[in-house]
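The values are calculated or read from the model by the stated rules, or taken from the named source; none is laboratory data. Fair warning: this is a prediction, and the values are worked out from it, not measured in the lab. Methodologically, a virtual Cβ is constructed for each residue, glycine included, from the backbone with ideal geometry; neighbour enumeration extends over all protein chains shown.
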Amino acid sequence: MGNQSVLCPMCRGVLPASGKESYTASRGRLIVTNGYCSGGCAEAVGQAQRVTRQQAQEVTQQVARPRPAPSPAPAPVPVPAAAGAGRAPLRVVR
């Protein structure tokens with residue numbers, strides 16, 4: 001009989017035995033060191049799993065519906081420098 005089969009996975013306490021023959025010296029040592037399982041751990045594990053599932057669903061919903069990113073500020077439009085700034089305009093001769 002392994003220790004894992006007699007220990008509660010949640011609280012690590014010793015689970016109740018199924019009969020008189022199950023109470024061995026090694027089980028007795030585990031009872032002294034770990035104590036008995038107080039019960040209700042299966043419900044606690046179930047509740048923890050439900051909370052984990054709900055959190056996973058919330059994350060999935062957030063990923064499935066991403067919020068729109070804020071639009072970036074418009075970039076300033078550069079004004080082209082006037083060709084020959086400071087000179088008289090050119091005249092076209094025909």
Problem set entry | Residues satisfying the stated conditions in region 39-94, i.e. at pLDDT 75 or above and at positive phi | Gly39, Gly40
For this session: Would you check which residues across region 1-38 are among the basic types (Lys, Arg) and either part of a loop (DSSP other than H, G, I, E, B) or modelled with pLDDT under 85 (or both) and list them?
Result: Arg12
Exercise. Quick one: what pairs do we get from region 6-24, first residue of a type in the set (Phe, Trp, Tyr), second in a loop (DSSP other than H, G, I, E, B), C-beta under 9 Å, 6+ apart or different chains?
Worked result: Tyr23/Ala17
